[in-house]
1. On alpha carbon coordinates alone, what is the Rg over Rh value for region 4-108, Rh being the Kirkwood radius?
2. What ranking do 74-85, 33-44 get when scored by the average of other Cβ atoms within 10 Å per residue, highest first?
3. Could you grab the relative contact order for region 4-108? Cα pairs under 8 Å, six or more apart, rounded to a whole percent.
4. Sort 51-63, 98-110 by packing, meaning the average of other beta carbons within 10 Å per residue, with the highest value first.
5. Take the Cβ-Cβ distance between residue 57 and residue 37 as r, set R0 to 35 Å, and report the resulting FRET efficiency rounded to the nearest 0.05.
6. Using only DSSP helix segments of four residues or longer, with each worth -39500 (n - 2.57), what per-residue ellipticity at 222 nm results for the chain after dividing by its residue count and rounding to 500?
Ligand SMILES: [Zn+2]
C-alpha cells in the first residue's frame, strides 16, 4: 500500500490516521455522501423493478393479481411493506457504496482567519 501524502502540506499520512500530523487536515475515508445517496437510490429502484417483475410473473402464472384491491385492509400493509423494502434497499446500497469506496481518501482542511 502506497503512503499517502497530505495534499495541503505534503506530510506523509500513516494508514488509519484520522488527522494530518502536519497541518491538522481531517482525513476521511470511504464514499462521499453523494456517492452513497446515488448508489442507495439505484438499489431502491432496482429492488422496485425486481419486485414489479416478480409480481408480474406471479400474475401470469396464477392468472390473477397477487395484490389485493386498493380498498381492502391488506393494501395498506402491502404499501408499507413496499416502502420498507425500498428503504432497506437504499440502506444496503449506501453500505455497498461505502464498502466499494473504502480505499478512497479525502482531506479536509479548515482555514481559520484571524
Ligand atoms: Zn497536512
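1. Numbers: Rg = 22.1 Å, Rh = 17.0 Å.
Taking Rh as the inverse mean 1/r over Cα pairs, Rg/Rh reads 1.30.
2. On the way: 74-85: 11.8, 33-44: 16.4.
Top to bottom by mean Cβ count within 10 Å: 33-44, 74-85.
3. On the way: 111 pairs, mean separation 44.3, N = 105.
Dividing the mean separation by the residue count of region 4-108 yields 42 percent.
4. Working: 51-63: 10.8, 98-110: 12.8.
Answer by packing, highest mean first, reads 98-110, 51-63.
5. Numbers: r = 31 Å, r/R0 = 0.88.
After rounding to 0.05, the efficiency reads 0.70.
6. Working: 2 runs with 57 residues, N = 114.
The per-residue figure over the chain is -18000 deg cm²/dmol.
Here, each number is a calculation from the coordinates, and none is a lab measurement. Keep in mind that this is a model prediction, so the values were computed, not measured. Heads up, the Cβs are rebuilt from the backbone with ideal geometry, glycines too, and the neighbour counts pull from every protein chain shown.
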